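The values are calculated or read from the model by the stated rules, or taken from the named source; none is laboratory data. Everything numeric here is computed off the predicted structure, so don't read it as measured data. Counting neighbours? That spans all protein chains shown, and the Cβs are built from the backbone with ideal geometry, glycine included.
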Amino acid sequence: MERIGRLMRQVGDRREGQVRVSPVATISTDSAPSNATLTAIRRHLPAFVREALPFSGVKILASDLDFDSELMWRTLDVYHLELRKQALELLANDPLLAIKHTLGRSIDEQRDITVKQMMVYARAKFYRFQDMFEDPLRWVTLVEILYYHGCTLATKFGVNFGLFGGTVMNMGSDEQRHKYAAGIADMSILGGFGLTELGHGSNARDVETIAEYDHSTQEFVLHTPTETAQKIFIGNFACHANHAVVFAQLFVDGVHQGVHVFLFRIRNADGSLCEGVRIKDCGIKSGLQGVDNGRLWLDRKRVPRDAILSRFGRIDAKGQYQSEIQHKGVRFTTMISALVAGRVTVAQGALNISKVSLIIAIRYALSRRQFGKADGGETLLLDYLGHQRRLFPLLAKTYALQFAINDAKQLWFNDPDPKELHVLAAALKPAMTWHRTKTLQECREACGGMGFMAANRIGPLMNDSNIDVTWEGDNNVLLQQVAAALLKEFREQLSAGHGFVGLLSYFGRQLNMEIRDTNPVTKVRSSEAHLRDFDFFNNAMEYREARLLRALVNKLNRFSGSDSQEAWNRCQDIVKELSQAHIDRIVVSSFTSAVDRADESLKPVLHILCALHALWTIQENMGFFMTFNYFSQLKVKAIWNEINRLLAALRPHARRLVDSFGIPEKLIDAPIAGDWVAAYSYPNVPDGH
């Protein structure tokens with residue numbers, strides 16, 4: 001007990017000055033402490049001291065989890081709610097936009113439908129292209145909603161207005177934005193984004209396409225010097241684009257100035273290719289047949305001096321190169337970071353696809369029966385614990401990721417340090433697209449053979465969305481960017497602490513964490529109160545990230561005499577684990593904060609979802625925690641059992657939790673999400689289906 005007493009004096013709350021009082025507690029003025037009073041007192045005590053007290057807070061009953069779906073939707077989607085309703089109304093009811101099932105049609109038909117749908121949506125009264133620059137959060141809201149409709153329209157729209165239009169608006173000068181904005185908005189200018197090459201994808205800094213400045217004519221000469229320099233997989237290029245933004249290595253008087261972006265026409269008014277331009281169709285892909293991806297070769301294509309998007313670099317009237325950013329590497333990074341909107345949109349779009357698939361799978365599981373007791377009827381799929389363990393953790397993570405990206409959008413809205421937002425977007429995009437991959441596969445399997453039917457949408461969504469793990473940044477490359485940023489931040493903190501003093505401060509924080517999280521009392525705590533405690537979740541996530549950061553630093557130090565690239569390569573096992581740990585920490589932190597600020601009526605069910613997500617994340621990484629002796633075996637078993645209790649608590653509310661995504665019935669559009677018996681009855685099934 002004396003040792004425990006010393007620990008009690010050493011360890012305080014997780015974050016000094018940020019103690020949170022339970023929303024269910026009120027302070028009583030009676031002389032005898034009430035349950036609510038004890039609950040409030042417990043929240044002010046160190047975590048393992050609370051465990052020594054009997055839990056006397058209000059138990060969460062099934063009736064406490066009742067909530068209003070509309071209010072939950074408003075809590076989840078937050079931004080531009082009335083605008084969302086207008087957009088969803090159009091997507092659900094416009095006759096042309098109502099076409100979502102295009103499998104079986106020719107590629108030309110699918111492409112024709114998609115471009116016409118894009119024009120219908122872009123001409124809606126609520127859409128304003130200038131929001132891309134003036135109100136990017138409003139613009140992203142209108143694009144991310146398209147993923148409820150499907151990936152093809154969202155991709156086509158995103159390529160034309162987001163990648164192409166966004167590049168013009170973010171990398172062009174004020175004069176260039178004014179010159180081209182109206183044409184992009186009214187779609188007289190349709191464009192493609194020419195960055196990826198046959199030989200260079202993620203390594204965009206080393207694209208091979210060349211742009212040389214010709215002083216005699218005041219023109220740039222763009223050229224594809226090798227077959228690996230061809231631009232490939234460029235949306236809009238095969239059929240519809242009449243303009244392109246092309247990334248190329250700029251040379252002025254033989255001096256290399258790094259990668260710059262050029263805007264020019266690639267098709268004439270009659271649809272024929274411009275001089276110096278060759279284009280071929282990429283052909284049939286695994287999905288997204290309605291998007292016309294093409295390849296581009298440039299044969300000493302001449303474009304005027306003002307074709308260079310000149311926000312970050314330009315050629316003046318005297319033929320001299322000018323830029324406010326002198327280092328070409330920094331200049332390139334700044335240019336690319338200006339395109340963060342695309343990464344945020346793809347991340348949210350992937351999450352929206354996850355929502356659609358979860359609605360379909362959970363609704364089906366609430367009506368489809370399988371097996372049962374000999375003396376009774378068959379059992380609903382969702383009443384099986386195994387089925388709950390397949391779908392409910394994905395549902396909880398979908399909620400968690402929504403709150404995390406809401407925080408990222410808020411950061412963006414407040415005009416933050418672009419470097420911070422760049423790292424956050426680089427973290428969330430892999431998290432959400434890989435979650436989408438896993439969710440679609442699990443939902444497809446959970447629906448059995450019906451999940452394989454194209455009419456039930458999950459299969460086509462799998463094919464059409466799979467590209468998102470490698471576009472707008474390959475996920476594995478983005479994770480390396482996240483780890484590099486964490487490492488840089490660590491070194492800056494040490495430098496700010498003046499070397500040795502900073503090092504002592506760092507190891508002091510590490511020691512406090514070790515005392516707090518790995519003491520004998522903490523390792524064995526396994527009560528329901530503790531296993532649903534926000535401090536427990538956040539402490540575990542912080543410990544894992546800090547441990548892995550320390551491991552990366554130590555391993556890099558062991559290779560300090562090696563080439564830096566070789567050292568980094570030999571550490572990539574830890575790099576990926578560290579980035580994943582960082583993502584898990586920020587997502588859990590966002591979720592716990594969201595529960596704290598939610599409406600009182602939503603807190604009980606959100607708390608259950610948050611606990612499920614956090615414990616499931618811990619369970620998925622139990623190998624790490626056991627390696628560092630973070631938990632006792634007793635606590636590991638308690639976490640497993642607590643997850644089952646949380647699943648049981650969520651079961652009665654599954655339908656309303658997916659209804660809270662706010663997706664109209666016409667956009668769900670899957671027979672198994674409704675009356676699937678009627679849909680598949682003989683009179684209702686068309687011939688050939």
Filter region 396-414 for residues that are in contact with a His (Cβ under 9 Å, 6 or more places away or on another chain) and not polar (S, T, N, Q); which is nearest to G662 (Cα to Cα)?
-> Y399
Test I643 against the stated conditions and say whether it is at pLDDT 95 or above, β-branched (V, I, T), touching a Phe, Trp or Tyr at 6+ places or on another chain (Cβ under 7 Å) and over 24 Å from A529 (Cα atoms).
-> no
D599 modelled with pLDDT of 95 or more, acidic (D, E), touching a Phe, Trp or Tyr at 6+ places or on another chain (Cβ under 9 Å) and under 30 Å from F452 (Cα atoms) | no
Can you give me the ranges of the strands (runs of 3 or more DSSP E) entirely in region 232-319 with at least 3 residues that are within 35 Å of the chain's Cα centre (by Cα)?
-> 243-252, 255-265, 277-281, 293-298
Matching residues, region 546-573, being farther than 18 Å from L494 by Cβ and crowded, with 20+ Cβ neighbours inside 10 Å | C571
Could you please find all residues in region 199-224 being more than 33 Å from the chain's Cα centre (by Cα) and either of a type outside the set (A, V, I, L, M) or surrounded by fewer than 17 Cβ atoms within 10 Å (Cβ to Cβ) (or both)?
-> E212, Y213, D214, H215, S216, T217, Q218, E219, F220, H223, T224
Right, C443: under 30 Å from I99 (Cβ atoms), within 24 Å of the chain's Cα centre (by Cα) and not charged (D, E, K, R) or not?
-> yes
Out of region 185-220, which residues are hydrophobic (A, V, I, L, M, F, W, C) and at negative phi?
-> A185, I189, L190, F193, L195, L198, A204, V207, I210, A211, F220
Within region 124-172, how many residues are without any contact (Cβ under 8 Å) to a residue 40 or more places away in the chain, among the aromatic types (F, W, Y) and under 18 Å from V78 (Cβ atoms)?
-> 0
Looking across region 50-73 at residues that are surrounded by 15 or more Cβ atoms within 10 Å (Cβ to Cβ) and modelled with pLDDT of 95 or more, the single one that is nearest to P604 (Cα to Cα) is M72
Hey, does region 209-226 have a residue that's among the aromatic types (F, W, Y) and either within 15 Å of K301 (Cα to Cα) or assigned to a loop (DSSP other than H, G, I, E, B) (or both)?
-> yes
